[in-house]
Ligand SMILES: Nc1ncnc2c1ncn2[C@@H]1O[C@H](COP(=O)(O)OP(=O)(O)O)[C@@H](O)[C@H]1O
Ligand SMILES: [Mg+2]
């Protein structure tokens with residue numbers, strides 16, 4: 001039996017997301033020199049869910065995700081991850097929590113002067129405590145690379161990789177800490193359609209294998225169609241509409257329709 005909407009055999013689809021909230025944002029506001037970027041954005045990510053946030057270029061998607069991981073300080077807002085409000089956490093607890101959140105940056109953000117292996121070892125060194133002292137780093141690096149089909153690139157430099165391979169290595173680096181939540185910022189941007197499809201397929205496989213919950217930021221309609229359990233459309237810094245891909249893509253609201261025009 002096939003799930004028509006997603007063209008994925010039903011038996012291979014992840015279990016239905018639960019209602020357990022694993023990450024939440026309320027009333028998120030952020031301005032830069034008087035320019036309002038986020039204007040009350042809110043969201044709940046449920047355990048096991050793929051939540052897609054779509055918004056035009058420059059609409060504040062990356063700012064939102066950076067607020068989530070503490071790279072940008074919001075003006076006001078409530079952010080909680082796995083039941084803990086991040087504002088109230090001491091450094092140590094925050095660091096521990098961060099190791100449970102994988103972040104695939106827009107672009108790939110690999111360290112150009114490091115080999116693939118060293119790029120993957122980097123988060124392991126930073127979060128040593130997660131796996132204990134006896135960790136077999138080599139085995140973890142190889143497993144992460146195998147997950148993205150690139151074990152053979154372990155000793156290459158980023159410049160020796162294609163754009164799609166770099167993105168996959170970046171994904172392996174995100175996976176190496178076995179995050180419970182993965183944040184994807186434009187995972188398919190700048191890639192050709194076939195490579196984009198491969199990345200989306202990998203994202204699905206990862207969710208199946210590890211049961212992760214994902215927040216995916218994109219303006220790629222195909223990506224949203226294939227991967228989303230639920231979507232939020234971001235307009236003027238706040239949620240404009242929410243629903244499944246099927247619901248939203250049939251809307252006659254001009255602002256919503258605009259998102260689905262190619
Ligand atoms: N660190 C910053 N300082 C000043 N302005 C910023 C900063 N980061 C983002 N912006 C501005 O915020 C707006 C939203 O940016 P961004 O979140 O990157 O958009 P996108 O939705 O394309 O990811 C843009 O106008 C951008 O110029
Ligand atoms: Mg962005």
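Values computed for the structure shown
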item	result
Qualifying positions in region 65-79 - more than 13 Å from ligand 1 (Cβ to nearest atom), closer than 21 Å to residue 240 by Cβ and either within 14 Å of the chain's Cα centre (by Cα) or part of a loop (DSSP other than H, G, I, E, B) (or both)	none
Count of region 80-108 residues which are exposed (fewer than 15 other Cβ atoms within 10 Å of the Cβ), out of contact with any strand residue (DSSP E or B) (no Cβ under 7 Å at 6 or more places or on another chain) and not in a helix (DSSP H, G or I)	4
Residue among 62, 57 that is within 16 Å of ligand 1 (Cβ to nearest atom) and in a helix (DSSP H, G or I)	62
Test: residue in region 173-186 that is in contact with a helix residue (DSSP H, G or I) (Cβ under 6 Å, 6 or more places away or on another chain) and within 16 Å of ligand 1 (Cβ to nearest atom)	yes
Criterion violated by residue 223 - all others in (1) in contact with a strand residue (DSSP E or B) (Cβ under 6 Å, 6 or more places away or on another chain); (2) within 16 Å of ligand 2 (Cβ to nearest atom) satisfied	(1)
Matching residues in region 51-77 - criterion: being surrounded by fewer than 16 Cβ atoms within 10 Å (Cβ to Cβ) and closer than 27 Å to residue 248 by Cα	56, 57, 58
Residue check for residue 148: without any contact (Cβ under 8 Å) to a residue 60 or more places away in the chain and more than 28 Å from residue 226 (Cβ to Cβ)	no
Looking only at region 179-196, and only at residues there that are touching a strand residue (DSSP E or B) at 6+ places or on another chain (Cβ under 6 Å) and either more than 26 Å from residue 23 (Cβ to Cβ) or not in a loop (DSSP other than H, G, I, E, B) (or both), the one that is farthest from ligand 2 (Cβ to nearest atom)	181
Some residue of region 99-109 being more than 16 Å from ligand 2 (Cβ to nearest atom) and over 28 Å from residue 161 (Cβ atoms)	no
Residue match in region 51-74 (condition: touching a residue at least 12 places away in the same chain (Cβ under 8 Å), away from ligand 2 (no atom under 16 Å from the Cβ) and closer than 16 Å to residue 182 by Cβ)	yes
Residue, surrounded by the most Cβ atoms within 10 Å (Cβ to Cβ), within region 30-50, restricted to residues that are without any contact (Cβ under 8 Å) to a residue 24 or more places away in the chain and more than 16 Å from ligand 2 (Cβ to nearest atom)	44
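No lab work stands behind these numbers, since they all come straight from the coordinates. Keep in mind that this is a model prediction, so the values were computed, not measured. Cβ atoms come from the backbone with ideal geometry, glycine included; neighbour counts cover every protein chain shown.
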